[in-house]
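Take a look at the structure set out below.
Please treat every number below as a calculation from the coordinates, not as lab data. Since the structure is predicted, the reported quantities are computational estimates derived from the model, not experimental observations. Cβ atoms come from the backbone with ideal geometry, glycine included; neighbour counts cover every protein chain shown.
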Amino acid sequence: MKRIICSVIALLMLLTIVPVTAFAAYGYTDISSADQLRRIESDLGGKYRLVKNIDLSGNWEPIGSAERPFTGVLDGYTISGMSITTVGKSYVGLFANLSGSVIDLDVRGTVSGAKYVGGIAGMVSGGSISNSSFSGTVLGDTYVGGIAGMVRSDSRTTATIYGCSNLSGVYGNSAVGG
């Protein structure tokens, strides 16, 4: 009996030393700079968490592509200063094509492109964006939106956007929304 009590006390002491966030962040890669955010491109299926606000001053290229969607998880803070200016290019946003999850992310900047243009994702195909926002300007031709240019679900996947807000001007010629 003494051995069990001593083991329980030792475990409780260990839990008071190790921060709870160490358990919550298990399996996540911490991101604290624009360079580290860019490296997501090398593992589009990873789990990432912003540990501070990131400034993306300068021209940013979307993460992933139409053929290579981001399938991982990004849990965030604020990304500001993002500027994506692509004439005639489709699948434009922080993410080109999102099949994973974006959670608690605030993105600020300017995004322009041709088709499938959004502040956070050009296309959400089976992924989710939750409790996130975009503020700035989004400009495109077709399928243009403040959070996502287009959200697509099919019989195999369900795409969702919930708890999000768009605080941007959104401009396009057809299929334009917030």
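Would you mind checking the stretch 72-113 for residues with the amide N under 20 Å from a putative spin-label position 7 Å along Cα→C-beta of residue 35?
Answer for this model: 79-83.
State the extension gain, in nm to one decimal, for the chain segment bounded by residue 85 and residue 167, taking 0.36 nm per residue of separation less the distance between their alpha-carbons.
Roughly 27.6 nm would be gained on extension.
Residue by residue through the stretch 101-114, which ³J(HN,Hα) values in whole Hz follow from phi under the Karplus form 6.51 cos²θ - 1.76 cosθ + 1.60 (θ = phi - 60°), with glycine and proline marked x?
Result, rounded to whole Hz: 10, 10, 10, 6, 10, 10, 10, 10, x, 10, 10, 9, x, 9.
What is the distance, in nm, between label points placed 7 Å from the Cα along the Cα-to-Cβ direction at residue 68 and at residue 104?
Result: 2.9 nm between the two label points.
Using the Cα atoms as the points, what is the convex hull volume per residue of the stretch 34-73 in Å³?
In the stretch 34-73, the Cα convex hull volume per residue is 67 Å³.
Taking all pairs of different Cα atoms in the stretch 84-178, averaging 1/r and flipping that mean, what Kirkwood radius in angstroms comes out?
12.3 Å
For the chain, find the longest principal axis of its Cα atoms and tell me its angle to the long axis of helix 2-17, 0 to 90°, nearest 10.
It works out to around 40 degrees.
Roughly what % of DSSP beta bridges within the stretch 73-148 run antiparallel, to the nearest 5?
0 percent
Taking the convex hull of the Cα atoms, report for the chain its projected area averaged over all directions, in nm².
Result: 12.6 nm².
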